[in-house]
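Quick notes on the structure that follows.
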Amino acid sequence: MATRMRARGPQERIPFYRNVKLLGVLAQLIFLGALLTGILVLYLNVTSALERSRIPANFAFLGSRAGIPIGESLIRYSTSDTYARAILVGILNTLRVALVGVVLATLLGILVGVMRLSKNWLLRQVALVYIETIRNTPLAVQLVFWFYAVLVPLPPLISNPVELPLGSYFSQVGLALPWLYPSYSFSAWLPWLGVALALFVALYLVRRRQLRRSERPGVAWLLPLVVVAVVAGVGYPLSSRALPPGTVTDFSSDRGRGSVFVDANGDGAHSGDERALPYARVRTQVPEGTLVDNTENIVESRRRVQSTFRFPALKEREFAQAEVTFANPDAAQGLSVHYLNFPSSGLVYRDRNDSGAYDEGEERNLESETQGGFNGVPVHLTVRDFERTVTTDRTGQFRLPLFQSEAQLTEAAAPAEEGAAGGGDTTSPADLFGGGDEEEEDTTSPADLFGGGGSEDEAADEPAPVDATVTPLASGPLVASFPTVPLTSYEGGVQLSAPFLALLLGLVIYTASFIAEIVRGGIQAVNKGQREASKSLGLSDGQTFRLVIFPQALRIILPPLISQYLNLTKNSSLALLITFVDFFAIGRIVGNQTGATVPIIVIIIGGYLLVSFTFSFILNVVNARFALVER
């Protein structure tokens, strides 16, 4: 029986409605088109509704004047800047909290996580209580606690700051630390830094290749780092430059403010188009000056302080002689001065037991009905040969205490003496220290109040201000700025406000509790055989943990650690509870002022997404470097 073979023709094409792959692609395209259409319809509806309500629906408002006062800014900002720059300031403030918080939370979390596995029972229990307490307390509650219950009521006032090592200050306002800033000659140092960076990369790659070929353990970055330090160190003195030609200072001793700038037109006054010199060192000298204050009764650090005087913080190395005296010695007869922090702060007391020294309770005025302190007593701090070197801020300005000359003090005391001469019995504290009769008719004219009615001769007869010498100094590429307290705020250094510290403390302590559990789990996940093998090689417990256990645990710790970093960044939006101006807070203010609620929400969402994606990308690259490479 013969079998007929059918000839095989060309392959038949499958109809599109039966092609599974094509149908899948078409379904995705249809879904994508429907999604885009829905988004477009939603956008058109929202924008048309906003336009009918006369609410901004675009981003044109970003170029308008903001008028928002922001106390903390990493870049130059004023109320005349635009909304876009205000939002940029908020983003930088958020990144500042996030980056510092990530580093501190990681260190604290690793420490507490290791404590959870300690052989010491007390350390284990302390770590356990910390983790369970912090993790189960809402972050908002912790932020409010740190700000309103700790950092606002407990530290001393700015008029009496605590001096910390290295010239730092801490008070109710916040923390001020010394800091390094780039000076006018920093640009000359940049080529050296570029060469150092190129050498670091090249030597690091060569050193790492050598270690891989030799199959020996070693550190690839140590030698390149030494080379970078040598190159940058050699280039630092060679990059130092003299002050730019025409650099002068403009200082007003009446206001205690000055500026350093390049005087282009040679008139000695700083105009708006002349270049200010930011982060320039200035030496200030005052042969003799007097600071004025009145004693007062205050509440500080949750306790009542009576009869105290507070002058701007001065250090003993800044002057040759200082003395606190009474402005009216006859009226203050029987009162003495006791220093708490010479010569800036102290109290006035009456030596009732004639011991010649202050005893507790002698600052109270027992002759008054309330038995309070000696309030309103004018005192003077006379300083001789005062010298202080300060660093200008980013706008080229600096501040000094408000020293007054002898002529200014004499003129200020003349009206009070005339009033006392025309009065009768001066036995009350108000009469003794500058008060007057409440029934006396006030003959001051509006012209006298607001400066009108004065002649040019009177202006010419104004007392001469204190004699101050201000000299700009040359510096290297970096200049050290140390904080000072010339009046009621920090100047110089880097200032960390109380809201910033409260936010940072809350985020670090809260996030570290979760990181500690991640670290504990990662360490326990390492096979016990690794410890036994390390012991058999004679490694100590510290060497075993540092060289064997923790490097392997990092591969387990890093993935969940990325999520905690993102949580810390997003949790910083709670800063509004403690008056810290971050990205979310500024966005909310801009939305309230402009009414552009929807565009602001889009900007806020986009900003946080960008920050989160950036964190995720960088940390995922790091995680890939630590991951095990399988064959």
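For the range 69-85, state whether one or more residues are out of contact with any His (no Cβ under 9 Å at 6 or more places or on another chain), closer than 19 Å to residue 569 by Cα, aliphatic (A, V, I, L, M) and open to solvent by 60 Å² or more (accessible area, probe 1.4 Å). Yes, there is a match, as at least one residue in the range 69-85 is out of contact with any His (no Cβ under 9 Å at 6 or more places or on another chain), closer than 19 Å to residue 569 by Cα, aliphatic (A, V, I, L, M) and open to solvent by 60 Å² or more (accessible area, probe 1.4 Å).
When residues in the range 377-416 are screened for being among the charged types (D, E, K, R) and either in a strand (DSSP E or B) or buried (at least 22 other Cβ atoms within 10 Å of the Cβ) (or both), 5 of them pass.
Set side by side, the residues 110, 134, 158 differ, and just one is among the β-branched types (Val, Ile, Thr) and in a loop (DSSP other than H, G, I, E, B), which is 158. Is there a residue in the range 217-228 that is open to solvent by less than 70 Å² (accessible area, probe 1.4 Å), assigned to a helix (DSSP H, G or I) and of a type in the set (Val, Ile, Thr)? Yes. Please determine, by comparing only the residues of the range 530-571 that are in contact with a Lys or Arg (Cβ under 9 Å, 6 or more places away or on another chain) and of a type in the set (A, V, I, L, M), which one is surrounded by the fewest Cβ atoms within 10 Å (Cβ to Cβ). So the residue we want is 548.
In the condition set (1) more than 30 Å from residue 494 (Cα to Cα); (2) loosely packed, with under 12 Cβ neighbours inside 10 Å, residue 255 is compliant with all but (1).
Quick check on the range 277-293. Is at least one of its residues surrounded by 14 or more Cβ atoms within 10 Å (Cβ to Cβ) and at pLDDT below 90? The answer is no; no qualifying residue exists. Set side by side, the residues 361, 356, 346 differ, and just one is closer than 10 Å to residue 307 by Cβ and either touching a residue at least 12 places away in the same chain (Cβ under 8 Å) or in a loop (DSSP other than H, G, I, E, B) (or both), which is 346.
Candidates 211, 203, 197: the one that is part of a helix (DSSP H, G or I) and open to solvent by 80 Å² or more (accessible area, probe 1.4 Å) is 197. Across the range 90-113, not a single residue is classified as out of contact with any Gly (no Cβ under 7 Å at 6 or more places or on another chain), more than 21 Å from residue 515 (Cβ to Cβ) and of a type in the set (D, E, K, R). The residue of the range 514-529 that is most open to solvent (accessible area, probe 1.4 Å), among those that are closer than 30 Å to residue 137 by Cα and of a type in the set (A, V, I, L, M), is 525.
Among the residues of the range 580-593, some residue qualifies, meaning at least one is part of a helix (DSSP H, G or I) and exposed (fewer than 14 other Cβ atoms within 10 Å of the Cβ).
Only residues that are open to solvent by less than 80 Å² (accessible area, probe 1.4 Å) and under 46 Å from the mean Cα position of the chain (by Cα) were counted in the range 21-43, giving 2. Taken together, 363, 274 contain a single residue that is closer than 19 Å to residue 379 by Cβ and either open to solvent by 20 Å² or more (accessible area, probe 1.4 Å) or of a type outside the set (A, V, I, L, M, F, W, C) (or both), which is 363. Return the only residue of 130, 184 being at pLDDT 95 or above, farther than 30 Å from residue 603 by Cα and aromatic (Phe, Trp, Tyr). Going through 130, 184 in turn, the sole match is 130. Of the numbered criteria (1) touching a Pro at 6+ places or on another chain (Cβ under 6 Å); (2) of a type outside the set (Ser, Thr, Tyr); (3) crowded, with 21+ Cβ neighbours inside 10 Å, the one residue 486 fails is (3).
For the criterion of being under 33 Å from the mean Cα position of the chain (by Cα), touching a residue at least 24 places away in the same chain (Cβ under 8 Å) and open to solvent by 30 Å² or more (accessible area, probe 1.4 Å), residue 608 passes.
Residue 623 satisfies every condition listed in (1) open to solvent by less than 30 Å² (accessible area, probe 1.4 Å); (2) touching a helix residue (DSSP H, G or I) at 6+ places or on another chain (Cβ under 7 Å) except (1). Looking across the range 53-68 at every residue that is open to solvent by less than 70 Å² (accessible area, probe 1.4 Å) and assigned to a loop (DSSP other than H, G, I, E, B), the one that is nearest to residue 499 (Cα to Cα) is identified as 68.
Can you confirm whether residue 516 is under 34 Å from the mean Cα position of the chain (by Cα) and assigned to a helix (DSSP H, G or I)? So residue 516 fits the description; yes. Taken together, the criteria exclude residue 169 from residues that are aromatic (Phe, Trp, Tyr) and without any contact (Cβ under 8 Å) to a residue 60 or more places away in the chain.
In the set 140, 105, 127, 98, only one residue is of a type in the set (Gly, Ala, Ser), surrounded by fewer than 20 Cβ atoms within 10 Å (Cβ to Cβ) and part of a helix (DSSP H, G or I); that residue is 140. The set of residues in the range 316-327 that are open to solvent by less than 30 Å² (accessible area, probe 1.4 Å) and not aromatic (Phe, Trp, Tyr) comprises 318, 322, 324.
The values are calculated or read from the model by the stated rules, or taken from the named source; none is laboratory data. Keep in mind that this is a model prediction, so the values were computed, not measured. Note that we place each Cβ from the backbone using ideal geometry, even for glycine, and neighbour counts take in every protein chain shown. Just the protein is used for accessible areas: all its heavy atoms, side chains included, with ligands, DNA and RNA removed. Shrake-Rupley method; radii C 1.70, N 1.55, O 1.52, S 1.80 Å.
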